[in-house]
Every structure is written in C-alpha cells, then in structure tokens.
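Okay, structure first, notes after.
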Amino acid sequence: MQDQIGSPPPESNLFDISDSVKDIDAKRLRERYIASRFPQFAGNTSQLRNTGEILRAARHLLDDGRPNLAEELLCIALQEEPYQREAWLFLIEVAFLDHDAARFDLLADNFRKLFPESEDQYVIDAMAHDLNPHDPRYGYMSSATPLPNWSGLSSLARDENRQRRYHQALVSTTNCFSEN
Amino acid sequence: MDLNFQLEGATSTLGLTRAHRNLADAHIDLHQAIDRTNQPRSTKMIGRALAELEHFSRGERLRLLQGGLSPTEGDTALMEWVAARYDHLFRIAYDVASIKMPTNEEHEPLAWATALLIGGHAVKWRKISMQRPDLGAREKLHTLYRLAVSKKCDAQIVNISVDSIAVETTVEAAYIRALLIERFAGGALSPRRLEILDNWLVASLSTFWLTRTPIAGEPVLGVDPNDPARSLTPDITGTASKRYLSFRPLSRQLQRIIDSFHRGIIFPGWGMGLSFRIEDHIAVIDFLEREIHLIGNAAAIKSKRLNATGGEVVTMFAGFNDIYAHALIMQNTTPPKSTTASIDQVKLAGYGAPTLEALVNANSDTGSFNITERIRGLVTLVDFSESGVGIEMSSEDAAILAIDHLVAIQISVNRPRLIGMVVRKVNLHQRAKTLVGVKILARVPLRATLEQVSDSLARPTIKGILVCDNAEHGFGDSIILNDVAFKSNPTLSLSMANELFHFRLGRVRQQGQGWKMVAVDVTVAR
C-alpha cells in the first residue's frame, strides 16, 4: 500500500477530518492505526458509533491511568460520528478536571455548535466560569457547580459486584502460589 | 563484487563491495584534505560527503532496518560499516567545527550544526549496529554547544539536510536532538523504532530549545554542558543543571503526530519511517507517552529494590506458548493440594534456558516468532525491583529476544514464576554480553484453560494467563492471550474458587509480538 505523505494538520480542527480521509488510502491508513492503537475496535469501526461502548472503554482507560488514550478514543469516535453527545460531555469534564482551559474552550465551542439547544450548556458555562473566572463570556455565572460526573459511569454500564467477586476469587487462587 | 577486504570496525566483509571501500577511502582522503584555516569550504565538503553517504547507503540502511531479529553476518558488517562512516564523518566535522575563531564568523553556526547533526547520526548507528557507545562523543557534543553559546550563536537558524530533506535548525536544537537520540538509544527502542523517533525529532527541531531555569509544572530534563559524564537526565540528584529542556513542546508535537494518523497521514511525510509497519509507529507513540510521564514524575517514581543479591542463575522462558506450556504448569487456576509439592515439581521440571523446541513453538499459533537459534548460555540476575527485573545473558542468546517479547522468569525456587515483557536491551562493555530489562506484568500469573461460550455443544478451549491487579474493584485484572485467541473476540467461561465466571475481553493494556494483555470484563458470576 502507498502510504500517505503530507504535512501534519493544524491543531485547531481536531474533530472534523472529513476532508482528510476522503482518499481511500488515507482512510485505510486511519483504520490500520485505529486497529493497532485500539485493538478492541479492530475491523469494526461501526463500534466507534456505539456511544455506550465507547464511554465504557474510555472509562476503563481512565481507570488504567491512561487519560490521553481515553481522550484519543473519544476523539476518534467523534470524528466518526460527531453527534455523540455523551462523548463530548465526557471530554469536556476531563478537560475541566485537567484544568486545560484551551482544550475545554475548544470542546465547549464544538459542543455548542452541534447541540445549540442542549440543557447541558448551562453546566458547561458554569464549569467554564470556574476554570476561568475572568472570562467575560461567563461573567453571569456565580458560584462553583458540583461536578456533573459525565466521565463516570452508572452501575448499569458496568457491574461492580460481579467484577469484585471475580477479583476475590482470583486473589484467593493467586495466594496459593505466592511467596512463602 | 569484492568480498575479501577488511574495513575498520567490521567483523565480517560479507555484503561489502568495492564501492563501500571507495567511500571509506574517500572519507580518509577528505580528512587529510580538510583545510582547518578555511572553515566554510571544509564545512561544505563535509556536507557533500554526508549527502553522498546518505544517497549511497539509503537502500541498504532501509533494508537493514527492515530486517528481522537475527541479522546475518553480512548485515552486521554493513551496519558496522554505516556506523563507522558516520563516526568518521563526525570526527572530521568536529575537527573543523571546533576550531576557535578569534571573531564571530557567519559560517560558524553551520559548521557546529552540521557536526552536531552527524554526531546524532553516529550515536544512532552505533546503537543500531549493536556497538557500545563512543564514550568521547558526548563531550564533543557539549564542546560544540559551549562554543556556540560562548559566541551567542546557539539560537541562530541554519539550513541542514537529512536524507535529502532540507531542514531548518538552530545549533541548540541540533544539540538537543543529538542528546535525545543518545538518551533514547539506551536500549528500549528497536532500530526501526529508533529511526521513526529520529524522523520525528528532526521534523520537530523548531520546537526544541533550552532554558536556564526549569519551567514550573512541566516535565523537564536537565543537562550540564560542562559535565561530560552527564547527558539529558531528570534533575533529582541535587546537582543543579545549567540548562533545561521542557517536554511540553514535544508533548504538543506528539499530539500533532497522533492527529496526523487520525487523518490517515504518516508524520512527517518523509523519511524511512514511512516504510515501517504502523505498529512500530504506535510503539514509538507509547514509548514517548511513557517517557514524558516518567520524566514528569521522576522524583516520585522510586522503585523499591527487592531481596535478590544479583549474579544468581535464573530460569527463563520466552513466548506465550512456552510460558503457558512449561513455566506456569504449577501455577494453575486449580490450586494444588500442597504448594510445597508444586514448587518441588517446578524444581524438577525447571531448566536454565528454553529448549530449542520450546522457542520454536513459542508463538507457533501466529507463526510470528521465528527462532533459528538456541539459547545456550546462563541467564543471570542483575537487578530485581518491584517493577522490573534486569538479567544478563550472552548477546547471541539475547538476539532472539526483541523489545515487547513476553517472558517468564523464576528468580529462585521458592518464588513463583513472574511474567513480564522485554523493555530494554543494552550491549554491555564486554562485547558478548547483553543486559535485558524486563517490566513485570504479574508477580504471580496463573495459567488457565478457558471455555469459549457458544451455543454449540462442543465448546472450544482457549489458553490464557490470568493477571491479578492490586485494585480491589477488579477492573484492573487482566488476561494474557495469544493474538489468534484475541482476534476471535470470544466470551470466555472459567471456574475459579468454586465460582463460575463469564467474561468478555476489554481494552488492550499491553501487547507485543504474538500476545496481548487484555482487561477482563465480567458478565456472569455465579
């Protein structure tokens, strides 16, 4: 396969790659990259449009201490299907927790364009105010808001109890072989 | 073709032709012809010689980098020849660039940058050709940088060329790139990956600069250009650095590289890296992310040394199937009645090194682990900490282990066999010895036979190695599988401690050639 040659993209337009991957070779290279970087999504890019699966995988990556990888996965998913509201909210909350004002602004702007009527906008503005109290755009917001927990997962999405039981069984078996 | 001549540094002449000899001779002539009183002309001659070498050797360098685990004698000779050429050109360029001019001359920065560029190439190819580092090279790099600083020219922009690609750099950026190559060539990257990383560094030269004080809150490395013993290292020893390199710009550049892949573009769009597998590029991304994290947390990360004296002979197994079949035979999910008995059996069944048959079969499911030679020598323990193990073995034996290979090690008979991945390989000063660094993945891995959940009556079984994490919530637990099993994306069933579990495979936590360590997502527990 002929690999693509070109300049790196501008930093601002992370979520709209439609122009770049029209070319079949570029599309193939992107898919190879995703398959290698996120093997659980290899050969099945439609899974990247399954918001529940994506959020679950991103949450697990955060658990593993790989926030960059979690953000990248969400970013790739949004490039495939931008109207995944929960994925945007997840990213926005992570940027807020990282105190990354520039990224937060970029994400919030994109979210505003895609979901202009969303009720979440108020919460996002409040977070923006907390992040940057001197920004006049959010001057009307007053107090700090509790975290909306968009980057957490409900107990329906993953069963803590089952996982804990498995872990306990594993620990008891492992202990049989631990050092004397 | 002339196969019967001897070149400096070459242990074999296979693959070397008269043209190789002619080029080596041309460098000797160049060294003699250099006019130290005419720095601009000499720098031009060195630039031309570098371009000729790059043009002449490009195809061979590419082939060597694309080669497998065990280079032939001819390949080794060629690698050493390339390294020797860069070494020689560096010596010539240093001789020219280190001339102290009484006044500031406008051509000096180009001479310094050219020498620093070739110095970086020389460091890289010594590593690729598996030779020990040139102990004097760092001092030369420091000297060139000090000269540039003394004349306040370290930030001056000059044009250089790398494999026919024109690149703008400052003297300081060329110095940083050479030091970074030196740091990253420490054994954690395979030659292919080191080349990819170097492509990225050269394409990122405009983002490199040093500061006189560390930037608060940013991951930094320090360097003292007056100290030949010190390269770029974290500043935690109490000895203050004279200059600091922030990794924040490199981190941003890494993000741009990742964004390029999202768009189906291989960064930077030129260089030998374009020809390498995508997995190699991703391994370099992983490596840099890990490095940046480690540098940012250098003070906090102090691995606890464990009780091992070093020098002990250890038992070692390589490859998923070998580990499953032999190393963990007694660390099974069905606990034995007596742990002592199992250790005795391990002792009887254990062997000092994998057999040829075991190694050949190590990844037989994927066919990707092509072993042609047997490990013959002893494997000895050098270092043992909470996070890793250092072992020493003959270089010949180490040649069959690559970065990311899965290995199992038994430190002593009263300890369970731990499992890890090769993260570092460094040739020791004794030419025939290699230090292999292993990152521990599990201290007590468990061998398990799992059933694939399906509607059919005959449920196929899958071999897995269970890995227990410290986190009590259980979301840190993993299973290691071979690639074939992983690709079938099975739901698996397992009985353990009188309970039945079904689980799906989650995200990949670690991976290497032929194996993956995957999160366990429990769907049934009863």
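The values are calculated or read from the model by the stated rules, or taken from the named source; none is laboratory data. This one's a predicted model, so the numbers in the text were calculated from it and none came from an experiment. Using ideal geometry, Cβ is built from the backbone for each residue, glycine included, and neighbour counts are taken over all protein chains shown.
Before moving on, here are some points about what is shown:
- Some residue of region A:146-168 being touching a Pro at 6+ places or on another chain (Cβ under 8 Å), surrounded by 11 or more Cβ atoms within 10 Å (Cβ to Cβ) and modelled with pLDDT of 75 or more: no
- Residue satisfying condition, being touching a strand residue (DSSP E or B) at 6+ places or on another chain (Cβ under 9 Å), surrounded by 20 or more Cβ atoms within 10 Å (Cβ to Cβ), more than 25 Å from B:LYS127 (Cα to Cα) and touching a residue at least 24 places away in the same chain (Cβ under 8 Å), within set B:LEU210, B:LEU205: B:LEU210
- Checking each residue in region A:22-41 for being surrounded by 16 or more Cβ atoms within 10 Å (Cβ to Cβ) and over 21 Å from B:ILE257 (Cβ atoms) picks out only A:GLN40.
- Restricting region B:465-485 to residues that are of a type in the set (D, E, K, R) and more than 19 Å from B:LEU450 (Cα to Cα), the residue that is surrounded by the fewest Cβ atoms within 10 Å (Cβ to Cβ): B:GLU472
- When we screen A:HIS129, A:HIS134 for residues that are more than 14 Å from chain B (Cβ to nearest Cβ), of a type outside the set (Asp, Glu), free of Cβ contacts under 8 Å to residues at least 24 places away in the same chain and surrounded by fewer than 16 Cβ atoms within 10 Å (Cβ to Cβ), the only hit is A:HIS134.
- Residues being assigned to a strand (DSSP E or B) and either closer than 22 Å to B:HIS405 by Cα or charged (D, E, K, R) (or both) - total across region B:451-462: 2
- Matching option when the condition is in contact with a Leu (Cβ under 7 Å, 6 or more places away or on another chain) and of a type in the set (D, E, K, R), among B:ASP469, B:ASP397, B:ASP477: B:ASP477
- Among residues of region B:474-488 being facing another protein chain (nearest Cβ under 10 Å) and in contact with a helix residue (DSSP H, G or I) (Cβ under 8 Å, 6 or more places away or on another chain), the one that is farthest from B:ASP280 (Cα to Cα) is B:GLY474.
Here is a yes/no grid of residues against (1) β-branched (Val, Ile, Thr); (2) in contact with a Lys or Arg (Cβ under 8 Å, 6 or more places away or on another chain); (3) outside any strand (DSSP E or B):
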position	(1), (2), (3)
B:PHE384	no, yes, no
B:ILE391	yes, no, no
B:ASP397	no, yes, yes
B:MET421	no, yes, no
B:THR449	yes, yes, no
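- Residue check for B:ALA471: under 30 Å from B:SER412 (Cα atoms) and either more than 10 Å from every other protein chain (Cβ to nearest Cβ) or over 27 Å from the mean Cα position of the chain (by Cα) (or both): yes
- Test: residue in region B:80-103 that is assigned to a loop (DSSP other than H, G, I, E, B), in the same structural domain as B:ARG36 (by TED's automatic domain parsing) and in contact with a strand residue (DSSP E or B) (Cβ under 7 Å, 6 or more places away or on another chain): no
- Test for A:PRO116: is it surrounded by fewer than 15 Cβ atoms within 10 Å (Cβ to Cβ) and either among the β-branched types (Val, Ile, Thr) or part of a loop (DSSP other than H, G, I, E, B) (or both): yes
- Of all the residues in region B:249-308, those that are at pLDDT below 90 and assigned to a helix (DSSP H, G or I) number 7.
- Taken over region A:26-54, the criterion of being under 19 Å from B:ASN489 (Cα atoms) and either β-branched (Val, Ile, Thr) or in contact (Cβ under 8 Å) with a residue 40 or more places away in the chain (or both) is satisfied by A:ILE34, A:THR45, A:GLY52, A:ILE54.
- Selected residue (criterion: nearest to A:TYR33 (Cα to Cα)) from residues of region A:63-100 that are small (Gly, Ala, Ser) and within 14 Å of chain B (Cβ to nearest Cβ): A:ALA77
- Test: residue in region B:450-462 that is within 14 Å of chain A (Cβ to nearest Cβ), on the phi < 0 side of the Ramachandran plot and surrounded by fewer than 15 Cβ atoms within 10 Å (Cβ to Cβ): no
- Strands (runs of 3 or more DSSP E) enclosed by region B:463-526 - at least 3 residues per element that are of a type outside the set (A, V, I, L, M) and over 20 Å from A:GLY65 (Cβ atoms): B:491-496, B:499-512
- Candidates in region B:150-164 are the residues that are outside any loop (DSSP other than H, G, I, E, B) and surrounded by 18 or more Cβ atoms within 10 Å (Cβ to Cβ); of these, the one that is farthest from the chain's Cα centre (by Cα) is B:VAL158.
- Candidate set from region A:169-180 (those that are surrounded by fewer than 16 Cβ atoms within 10 Å (Cβ to Cβ) and modelled with pLDDT under 85); member that is nearest to B:SER493 (Cα to Cα): A:ASN175
- Residue selected from region B:33-53 under the condition not in a helix (DSSP H, G or I) and not polar (S, T, N, Q), by the criterion modelled with the highest pLDDT: B:ILE34
- Within region A:76-104, the set of residues being within 27 Å of A:LEU29 (Cα to Cα) and in contact with a Pro (Cβ under 9 Å, 6 or more places away or on another chain) comprises just one member, A:TRP88.
Here is a yes/no grid of residues against (1) surrounded by 22 or more Cβ atoms within 10 Å (Cβ to Cβ); (2) in contact with a Ser or Thr (Cβ under 7 Å, 6 or more places away or on another chain); (3) within 14 Å of B:ALA432 (Cα to Cα); (4) modelled with pLDDT of 80 or more:
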{"residue": "B:LEU359", "(1), (2), (3), (4)": "yes, no, no, no"}
{"residue": "B:SER368", "(1), (2), (3), (4)": "no, no, no, no"}
{"residue": "B:ARG374", "(1), (2), (3), (4)": "no, no, no, no"}
{"residue": "B:GLY377", "(1), (2), (3), (4)": "no, yes, yes, no"}
{"residue": "B:ASP383", "(1), (2), (3), (4)": "no, no, no, yes"}
{"residue": "B:GLY390", "(1), (2), (3), (4)": "no, no, no, yes"}
{"residue": "B:SER395", "(1), (2), (3), (4)": "no, yes, yes, yes"}
{"residue": "B:ALA399", "(1), (2), (3), (4)": "no, yes, yes, no"}
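- Note on region B:246-261: residues that are surrounded by fewer than 20 Cβ atoms within 10 Å (Cβ to Cβ), facing chain A (nearest Cβ under 9 Å) and touching a residue at least 12 places away in the same chain (Cβ under 8 Å) amount to 1.
- Some residue of region B:207-229 being assigned to a helix (DSSP H, G or I) and under 25 Å from the mean Cα position of the chain (by Cα): yes
- Taking (1) within 21 Å of the chain's Cα centre (by Cα); (2) under 21 Å from B:ASP322 (Cα atoms) in turn, B:ASN427 satisfies each apart from (2).
Condition check ((1) crowded, with 20+ Cβ neighbours inside 10 Å; (2) at pLDDT 85 or above; (3) facing chain A (nearest Cβ under 7 Å)) across all residues:
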| site | (1), (2), (3) |
| --- | --- |
| B:LEU494 | yes, yes, no |
| B:ARG504 | no, yes, no |
| B:ARG507 | yes, no, yes |
| B:GLN510 | no, yes, no |
| B:GLY514 | yes, yes, no |
| B:MET517 | yes, yes, no |
| B:VAL522 | yes, yes, yes |
| B:ALA525 | no, yes, yes |
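- Scanning region B:263-274 for residues that are out of contact with any helix residue (DSSP H, G or I) (no Cβ under 6 Å at 6 or more places or on another chain) and closer than 16 Å to A:ARG32 by Cβ yields B:ARG263, B:ILE265, B:LEU274.
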